[in-house]
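The values are calculated or read from the model by the stated rules, or taken from the named source; none is laboratory data. This structure is a prediction, so every number in the text was calculated from the model and none was measured. As a convention, Cβ positions derive from the backbone with ideal geometry for all residues, glycine included, and neighbour counts pool all protein chains shown. Surface accessibility is based on the protein's heavy atoms, side chains included, excluding ligands, DNA and RNA. Shrake-Rupley method; radii C 1.70, N 1.55, O 1.52, S 1.80 Å.
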Amino acid sequence: MALLSTTDFPQTIKKNDGFSHGRIDLHSHTHCSDGGLSPQTLIDRAVNYQIAVLAITDHDTIEGFHIAQDYILEKNIPIKLISGIEISTAWQGFEIHIVGLNIDTKSPVLQALIVKQQQEREQRAFSIGEKLANSGFPNAYKDAKKLAGEGTITRAHFAKILHQQGHVSTIQKAFDQYLGKKGRNTQRAYVKPNWCSIEHAIDVIHAAGGTAIMAHPIRYDLSAKWLRRLIVHFKESMGDGLEVVLPQMNPQQRQTMLNYCLEYNLHASMGSDFHHPNKWSDLGRNLILPDDAKPVWALWK
Ligand code: AMP
Ligand code: MN
Ligand code: MN
Ligand code: MN
C-alpha cells in the first residue's frame, strides 16, 4: 500500500479550522478491538461528522483498518483513511500506549509484533478470568471472549461483562474494583501484562514506515516528574510526537502538552480515541491543533 504524503492533504485540511472544512481525527477504535461500531459503521459515522481524514487505531490489530479500507474503495467514499494501530507497552510498571500512524500494514516486523501482543493478550485474559472466577464470576472469561469475538480481547470486554451482568453499576467501577491498577494499588483481577517495550514499539512502527505517537499522555496518572521522564524516554527512543489534543482535555492540559512538544521537538497529533457514541466525545469533536504545533502529518512527505 502506498503511504500517504503531505500532498494528499488539501490546503483546507492542513489549515484545519475544525469546522467549515474537513476535520481530522487520528485516533479511533472499531469492534475489531474494544470499539462498539463495525469498521463500516465507523466510516459512515465519520462521513456524517464531516471527517476528512480518519485514522483507525485499534489495540494491537490492523483488521479494522483493512475492512474499512475495502469498504471505502467498494463504495467510493470520500474520506482519507490513515492506517494505524495502538500498541500497548510496558514502562516502569506503567502501561503506555503508542500509536503508529501511516504504517505499511504488510510489514513483516509489524505483523510479528501483532502476533506476540495477541498471544500476550490471550494469556492475560485467561489469567484475568481465573482471578474473576476466584472473585465469584466463573464465566467471565468465556463471556468476555464471546463479546470480543474475532477481535482483540481487552479489559474493556471484561468491564462490559461485569457491568451487563449487574456486578458493577458502571464501567469505571469495574476498573476501580477489579481490573485496574492505580499507582501501586492493583485491584482484585489485575494481571501484570508482558507488553513490549516503548523502544520496540517505536522501532517496529518505524520499520513499517510509520510515525510513532504517544497516546493520551495525560491519562497515565503520572506526576509531572514522571510524565517528563516518560516523554524524555519516548524522545530518546526516537518517538515522533505526542497527542496534544483529545476531547476531554482542558486548555491548561493542552498548553502543557504543546510545551512538551516545543521543548523536545516533537510533532503534535490529535484524536478523539472514539470507542462508542457518548455524550462527552465523538469523532472529530473539539479537535483543533494549536497554531504553534508542528502537525504530525507534516512528516508524511
Ligand atoms: P487493555 O488494553 O486490555 O488493557 O484495555 C484497556 C482499555 O480499556 C482501554 O483502551 C480503554 O478503552 C478501557 N479502559 C481502561 N481504563 C478504563 C476506565 N477506567 N474506564 C473505562 N474504560 C477504561
Ligand atoms: Mn480501548
Ligand atoms: Mn489508549
Ligand atoms: Mn485508544
Seminar exercise, completed: In the range 66-79, anything β-branched (Val, Ile, Thr) and under 18 Å from the mean Cα position of the chain (by Cα) is listed as Ile67
For this session: Kindly check whether there is at least one residue in the range 139-146 that is more than 29 Å from Leu227 (Cα to Cα), of a type outside the set (Lys, Arg), within 13 Å of ligand 1 (Cβ to nearest atom) and crowded, with 19+ Cβ neighbours inside 10 Å.
Result: yes
Problem set entry | Flag if Leu81 is in contact with a helix residue (DSSP H, G or I) (Cβ under 8 Å, 6 or more places away or on another chain), at pLDDT 95 or above and more than 16 Å from ligand 4 (Cβ to nearest atom) | yes
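Residue-wise test of (1) closer than 27 Å to Leu266 by Cβ; (2) within 16 Å of ligand 3 (Cβ to nearest atom); (3) within 21 Å of the chain's Cα centre (by Cα).
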{"position": "Gly129", "(1), (2), (3)": "no, no, no"}
{"position": "Pro138", "(1), (2), (3)": "no, no, no"}
{"position": "Thr152", "(1), (2), (3)": "no, yes, yes"}
{"position": "Gly180", "(1), (2), (3)": "no, yes, yes"}
{"position": "Ala189", "(1), (2), (3)": "no, no, no"}
{"position": "Leu227", "(1), (2), (3)": "yes, yes, yes"}
{"position": "Leu246", "(1), (2), (3)": "yes, yes, yes"}
Exercise. What are the residues in the range 254-301 that are in a loop (DSSP other than H, G, I, E, B), modelled with pLDDT of 95 or more and open to solvent by less than 10 Å² (accessible area, probe 1.4 Å), if any?
Worked result: Leu266, Gly271, Ser272, Leu283
Seminar exercise, completed: Filtering the range 46-65 for residues that are farther than 21 Å from Trp297 by Cα, under 18 Å from the mean Cα position of the chain (by Cα) and either away from ligand 2 (no atom under 16 Å from the Cβ) or assigned to a loop (DSSP other than H, G, I, E, B) (or both) leaves a count of 2
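To keep it simple, each residue is scored yes or no on (1) modelled with pLDDT of 95 or more; (2) not aromatic (Phe, Trp, Tyr).
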{"site": "Ala140", "(1), (2)": "yes, yes"}
{"site": "Thr152", "(1), (2)": "yes, yes"}
{"site": "Val168", "(1), (2)": "yes, yes"}
{"site": "Ala174", "(1), (2)": "yes, yes"}
{"site": "Gly183", "(1), (2)": "no, yes"}
{"site": "Trp195", "(1), (2)": "yes, no"}
{"site": "Ala201", "(1), (2)": "yes, yes"}
{"site": "Val204", "(1), (2)": "yes, yes"}
{"site": "Ala208", "(1), (2)": "yes, yes"}
